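Please read the structure below before turning to the comments.
The values are calculated or read from the model by the stated rules, or taken from the named source; none is laboratory data. In this text the structure is predicted, and so the values were computed from the model without any measurement. Cβ coordinates were reconstructed from backbone atoms using ideal geometry, including for glycine residues, and neighbour counts include every protein chain displayed.
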Amino acid sequence: MKYKVKKDYGRWLWVLPAIALVICLFVYPLGSQVFYSFTNKTLIKSTYGIRGLSNYTAILTDPDFWLALWTSVKWTVLSLLFQMLIGFSAALALNSIKNKVARQVYRILLIIPWAFPTIAIAIIWKWLLNGIYGFIPTLLTQMGITGQLPQFLSTPDLVMPTLVVVNVWFGFPLIMVNVLAALQTVSQDQYEAAQIDGARKLHMFWYITLPHIRNVIGLLVVLRTIWVFNSFDIIYMITGGGPANVSTTLPIYIYNLGWVNKFVGRSSAAAVILLIILLTICAAYFCVLNKWEKEADS
Amino acid sequence: MKRKWIATTLACTMLAAALTGCRGETETETRAPAADASAGAAADGELEGEITFWHSFTQGARMDAVQAAADSFMKLHPGVRINIETYSWGDFNTKWNAGITTGDLPDLSTAQNTGEVVEMINAEVAAPADRFLDSFGRDRFSEKALGDMTWDGSTYGIPYYSHAQVMWYRHDLLDAIGAEVPETWQEFYDLAVKLTDDDTYGAAFSCSTNDLLGTRYLNYYVTSGGGSLLNDDLTVNLTSDLAIEGINFWVDVYKNCSPAETINYTVLDHATLFYQGKTAFDFNSGFMISGVESNTPEIAEFVDAAPLPKIHADDPDYSAEATHIPLVIWEKSEHPEICEAFVAWLLQEENYIPFLEAVPVGMIPAVAGISETEAYRSNETVQFYSNAVDVISEAIELGNAIGVDDHGASVQASYLTSQGIIEAMFQDIITNGTDVETAAKSAEDQLNEIFDMMIN
Amino acid sequence: MNMLTRLKRRMGEIGCYTYVTVLAVFAAFPLLWLFICSVKESGDLLANPTSMIPQKFTLANYHNVMVNLGLGTNIRNSLMVSLSTTLIATVISSLAAYGIVRFFPKLGNMMSKLLIMTYMFPAIVLVIPYAVVMGKLGLTNTRLGLVLVYLSFNVPYAVWLLVGFFKTVPIGIEEAARIDGAGRLQTFVRVVLPLVAPGLVSTAIYMFINAWNEFLYALILTSSSSITTLSIKLHTMQGADVLNWGDMMAACMVVVLPSVVFFSFIQKYIAGGMTEGAVK
């Protein structure tokens, strides 16, 4: 039986609260943000005027913007790559541990980073890496690995890699948990059948496991890309984008324009540009995912 | 059909109830019942109403002293409620800037310095304090301090306490190498390099973009050469020979006698190094003493202050930066009369001296006559560090806020320190090896552009 | 089974154990260090940066953060905000998701695609307009204001997730219930919801975590220490007059430990909460 759709106005009531919420708290603010991007509004003055595209040209000609974009790309790609590698391999390793108690204990230990609120991540890692009293620099020096205390958060070449390590630490458990859940949906029958056929482990992984969990992985990559690209607080709280902008990603660049320099108009324009970039990336991703889904259906 | 309607209405009501429930509670906590504009003063002239006071004394004895004064004030005026919120200096500027947009502003607040008051005037959020000053007595405050907050004939802030930037040193470390207290920048630099070893650093140079240290240090040097960071037309000047020399000087200090990490350090992180005996020299106000006493009491007796170094030993005496921490009454306040009464209460001897004693030597009285009182004089720390007190008091007399010098108060002066651009310039030079003149020019242009957008 | 295979399997297992052990140290060490530092005295903390055993065990830091700094209030605030957000968002989004699946079969697909687009909006993009809106509504510095903001970020994503779960409910069951005379909402509550309960729980947990960890909006939209959340309180401690690492460690410990316990209990549910519904 198909549900009778005609003249059923009551059905709108189900979705109305959600639609109202999205419109009031999403569409309207977004609209005003786009509007501000064409003005010279500042944080502290009540008057402002329309300035056309001048904010956009100012941003697109600002070398710091391009630097921030590049930093964002590095930050996202590296973080995601290692989160995926470690998260995925950890899930596989956990899955092949047969002892139930051991598996449970390891699982709990491995998801600990996920339970840290970002501010706590920032505080503990700043403390661990502190260039004067930090555990890690001091240990490295005591072990004779480095001659003097390494400065993870201020040596320009070390800052981004350090931040990526922190982000991987925080992010891999989430990947692991999701992959683990997906792995458990692969039916044992298929493995057993393959084993009878004498298939090698690697083959089984490649032809049975991977296709089965491909969609989960694909989706995870999409969602995490967006999330990491957008993440603001972890870098803001650890280095604030410094030194000398080496860790300034686009969200930090936008924050600084708006809340430090007080250029609301220009910061809005940068935000709109960020949004366009994200929409493009996601459109591409979803195209691929759709294709996969169709392949899976057929 | 009917059931569905009932159900949906029910769901909506639930939602609404949940929302209002939430709100009800917050309201009772944030806004008192009778915060009515007209209810400011009851018929008998007794004060009545609620004010919010933001200050930046986030911890310890200062916070307690202010709270105690507020409590006794509320006891005296049962109709008055004072809500105190504290923010670190770092968040304070963002907080009130956001407040202009969100409408969440206090009735009374401290400000980081007189320059921030000028920013508040420019943003049209500060109220003139003339009525209070006239009744309290303008001549009881430093003329310079009031001048720094005067705009179009009105004064917008009330000095709460003062301090000034001086040089701090450890005479045990100087004695150990048989050195005298340096008088010129060159002498200071040579000694700092000499005192830098595995465990101690000669001096730190910090330039976190969330703070003003880069600007402050550059300003020391430029002022010592008789220059200024602002031109007469209130544009920025970072490219004069003197400024370039100053930038080079501090970059050298960073490279040769400072921990590398300080590139990201704020005032607090930076000062903590000296508190913990990690640096031999530092430049700061009298807050150093209580910092050292609480962190490493065993070195406290070796700490002393001297005037900032000069370029040539025979240059005239100068002071690079004197700061008066003001109290500001906000334009939107519905109860300026309560704010005024409370400020007068804070400045009364029995409340004021305990406040100052919370950080002795760190906070020098801004009200005339207090420093002569027995109660103030009898403080042990003030007595022990009397030389430092004299050096600081002299620097307060001679000095102004950064960028104010001969040009008078201006928004530009305040923006010099609040934008982190000079700090970013230092980071750029140190990190990327950018040519000093190029970096200075680019920072100069950026600041001038901000001036254009914010002020005109 | 011959020796060689057995040996190989044994080696494989040892390899797995070694790998997860190394990872577990990497994952858990910061928590351990947090604990050690939180019970050290401040002199010890700075003098012996690598010592694993405190010279003297002290709870002074905990006393300080809970009693003198009143961290308890902020824990309560965070709980209130996160729980209300989760509760309200779950109601709104499960209604909407079910509505989309059952009553808008054609529009539904497009709707949920539009919804997931909202997930890619960086929080930073909307912070200024939100500040303006909350200012106009008079909701700045209230917990309600924060709840509303968090709702706007969580509801679209939750709807999108739940649509996946509701799709798995066979329509036949509902029809049977309806023939028995149950109304739409009754069918929904009594028949459909229990079937998607696991999905609902994992979505709710996901939202709770989001709200619990949020930083930027709480920073801009709240100002009183009696209103604001834990994250902001910890942030404020970092900029306090006195930089006290011991206090900060204790405060972090107070925040993190319950989360770790909570996480280990709800593991079963979080597994897949993020993607399960969406790929069903």
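Exactly one residue among B:G291, B:G369, B:G362 is among the small types (G, A, S), surrounded by 19 or more Cβ atoms within 10 Å (Cβ to Cβ) and not assigned by TED's automatic domain parsing to the domain that holds B:H270, and that residue is B:G362.
Residues that are in a loop (DSSP other than H, G, I, E, B) and within 21 Å of B:L146 (Cβ to Cβ) were ranked within region B:101-115; the one that is farthest from the chain's Cα centre (by Cα) is B:A111.
Restricting C:K106, C:K40 to those that are more than 8 Å from chain A (Cβ to nearest Cβ), charged (D, E, K, R) and closer than 25 Å to C:W160 by Cα reduces the list to C:K106. With respect to the conditions (1) free of Cβ contacts under 8 Å to residues at least 12 places away in the same chain; (2) surrounded by fewer than 19 Cβ atoms within 10 Å (Cβ to Cβ), A:A18 falls short on a single one, namely (2). Checked against (1) surrounded by 20 or more Cβ atoms within 10 Å (Cβ to Cβ); (2) more than 7 Å from every other protein chain (Cβ to nearest Cβ), A:V165 passes all but condition (1). Filtering region B:313-336 for residues that are over 21 Å from B:E143 (Cβ atoms), of a type in the set (A, V, I, L, M, F, W, C) and surrounded by fewer than 18 Cβ atoms within 10 Å (Cβ to Cβ) leaves a non-empty set. Going by what's in this entry, would B:V411 be described as over 23 Å from the mean Cα position of the chain (by Cα) and either hydrophobic (A, V, I, L, M, F, W, C) or at pLDDT below 90 (or both)? The answer is no for B:V411.
Here is a yes/no grid of residues against (1) in contact with a helix residue (DSSP H, G or I) (Cβ under 8 Å, 6 or more places away or on another chain); (2) modelled with pLDDT of 85 or more:
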{"residue": "C:L139", "(1), (2)": "yes, yes"}
{"residue": "C:G145", "(1), (2)": "yes, yes"}
{"residue": "C:V159", "(1), (2)": "yes, yes"}
{"residue": "C:L162", "(1), (2)": "yes, yes"}
{"residue": "C:A176", "(1), (2)": "no, no"}
{"residue": "C:L185", "(1), (2)": "yes, no"}
{"residue": "C:V191", "(1), (2)": "yes, no"}
{"residue": "C:A197", "(1), (2)": "no, yes"}
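Mind checking whether some residue in region C:49-60 is within 11 Å of another protein chain (Cβ to nearest Cβ), more than 18 Å from C:N154 (Cα to Cα), touching a residue at least 12 places away in the same chain (Cβ under 8 Å) and surrounded by fewer than 23 Cβ atoms within 10 Å (Cβ to Cβ)? Yes, because at least one residue in region C:49-60 is within 11 Å of another protein chain (Cβ to nearest Cβ), more than 18 Å from C:N154 (Cα to Cα), touching a residue at least 12 places away in the same chain (Cβ under 8 Å) and surrounded by fewer than 23 Cβ atoms within 10 Å (Cβ to Cβ). Residues in region B:405-456 that are among the acidic types (D, E), within 30 Å of B:E124 (Cβ to Cβ) and part of a loop (DSSP other than H, G, I, E, B): B:D405, B:D406. Checking A:G147 against (1) within 20 Å of C:Y157 (Cβ to Cβ); (2) free of Cβ contacts under 8 Å to residues at least 60 places away in the same chain, which test does it fail? In the conditions (1) within 20 Å of C:Y157 (Cβ to Cβ); (2) free of Cβ contacts under 8 Å to residues at least 60 places away in the same chain, A:G147 misses (1) alone.
Could you list all residues from region A:243-298 that are in a helix (DSSP H, G or I) and of a type in the set (K, R)? Across region A:243-298, the qualifying residues are A:R266, A:K291, A:K294. Residues in region A:105-135 that are within 14 Å of chain B (Cβ to nearest Cβ) and either touching a Pro at 6+ places or on another chain (Cβ under 8 Å) or more than 27 Å from C:I232 (Cα to Cα) (or both): 8 in all.
Yes or no, residue by residue, for (1) facing chain C (nearest Cβ under 9 Å); (2) surrounded by fewer than 18 Cβ atoms within 10 Å (Cβ to Cβ); (3) at pLDDT 85 or above; (4) farther than 30 Å from B:P360 by Cα:
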site: B:W5; (1), (2), (3), (4): no, yes, no, yes
site: B:A11; (1), (2), (3), (4): yes, yes, no, yes
site: B:L19; (1), (2), (3), (4): yes, yes, no, yes
site: B:A32; (1), (2), (3), (4): no, yes, no, yes
site: B:A42; (1), (2), (3), (4): no, yes, no, yes
site: B:T52; (1), (2), (3), (4): yes, no, yes, no
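Checked against (1) of a type in the set (D, E, K, R); (2) more than 27 Å from A:L109 (Cα to Cα); (3) assigned to a loop (DSSP other than H, G, I, E, B), C:D44 meets all criteria but (3).
Please enumerate the residues belonging to region B:389-404 that are out of contact with any Phe, Trp or Tyr (no Cβ under 8 Å at 6 or more places or on another chain) and either among the β-branched types (V, I, T) or assigned to a helix (DSSP H, G or I) (or both). Once the filter is applied, which keeps residues that are out of contact with any Phe, Trp or Tyr (no Cβ under 8 Å at 6 or more places or on another chain) and either among the β-branched types (V, I, T) or assigned to a helix (DSSP H, G or I) (or both), region B:389-404 yields B:V389, B:D390, B:V391, B:I392, B:S393, B:E394, B:A395, B:I396, B:E397, B:I402, B:V404. When region B:410-456 is filtered for residues that are surrounded by fewer than 23 Cβ atoms within 10 Å (Cβ to Cβ), of a type in the set (V, I, T) and away from every other protein chain (no Cβ under 12 Å), the ones remaining, listed by number, are B:V436, B:T438. None of A:S54, A:S37 is surrounded by 22 or more Cβ atoms within 10 Å (Cβ to Cβ) and within 27 Å of A:G241 (Cβ to Cβ) except A:S37.
Out of B:T58, B:T26, I need the residue that is within 12 Å of chain C (Cβ to nearest Cβ), at pLDDT below 50, within 30 Å of C:D247 (Cα to Cα) and crowded, with 16+ Cβ neighbours inside 10 Å. Which one? Matching residue, one of B:T58, B:T26: B:T26.
Could you check, for region C:91-111, whether at least one of its residues is modelled with pLDDT of 90 or more, over 20 Å from A:S267 (Cβ atoms) and of a type in the set (V, I, T)? Looking for residues that are modelled with pLDDT of 90 or more, over 20 Å from A:S267 (Cβ atoms) and of a type in the set (V, I, T), one finds at least one in region C:91-111, hence yes. For the residues B:I247, B:I263, the requirement of being modelled with pLDDT of 95 or more and surrounded by 23 or more Cβ atoms within 10 Å (Cβ to Cβ) singles out B:I247. Can you find even one residue in region A:235-243 that is at pLDDT below 80, crowded, with 24+ Cβ neighbours inside 10 Å and closer than 26 Å to A:P161 by Cα? Yes, region A:235-243 has at least one match.
For (1) within 12 Å of another protein chain (Cβ to nearest Cβ); (2) part of a loop (DSSP other than H, G, I, E, B); (3) acidic (D, E), each residue gets a yes or a no:
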{"residue": "A:P17", "(1), (2), (3)": "yes, no, no"}
{"residue": "A:L25", "(1), (2), (3)": "yes, no, no"}
{"residue": "A:Q33", "(1), (2), (3)": "yes, no, no"}
{"residue": "A:T42", "(1), (2), (3)": "yes, yes, no"}
{"residue": "A:S46", "(1), (2), (3)": "yes, yes, no"}
{"residue": "A:G52", "(1), (2), (3)": "no, yes, no"}
{"residue": "A:W70", "(1), (2), (3)": "no, no, no"}
{"residue": "A:W75", "(1), (2), (3)": "no, no, no"}
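Looking only at region B:198-216, filter to residues that are over 19 Å from the mean Cα position of the chain (by Cα) and at the interface with another protein chain (Cβ under 10 Å from one of its Cβ atoms); which one of those is nearest to B:A260 (Cα to Cα)? Ranking the qualifying residues of region B:198-216, first place goes to B:Y201.
Considering region B:299-332, the residues that are small (G, A, S) and either in contact with a helix residue (DSSP H, G or I) (Cβ under 8 Å, 6 or more places away or on another chain) or not in a loop (DSSP other than H, G, I, E, B) (or both) include one that is nearest to B:E124 (Cα to Cα), namely B:A322. Touching a residue at least 12 places away in the same chain (Cβ under 8 Å) and farther than 30 Å from A:G218 by Cβ - does that describe any residue in region A:156-163? Yes. The set of residues in region A:139-157 being surrounded by fewer than 17 Cβ atoms within 10 Å (Cβ to Cβ) and under 19 Å from B:I429 (Cβ atoms) consists of A:D157 alone.
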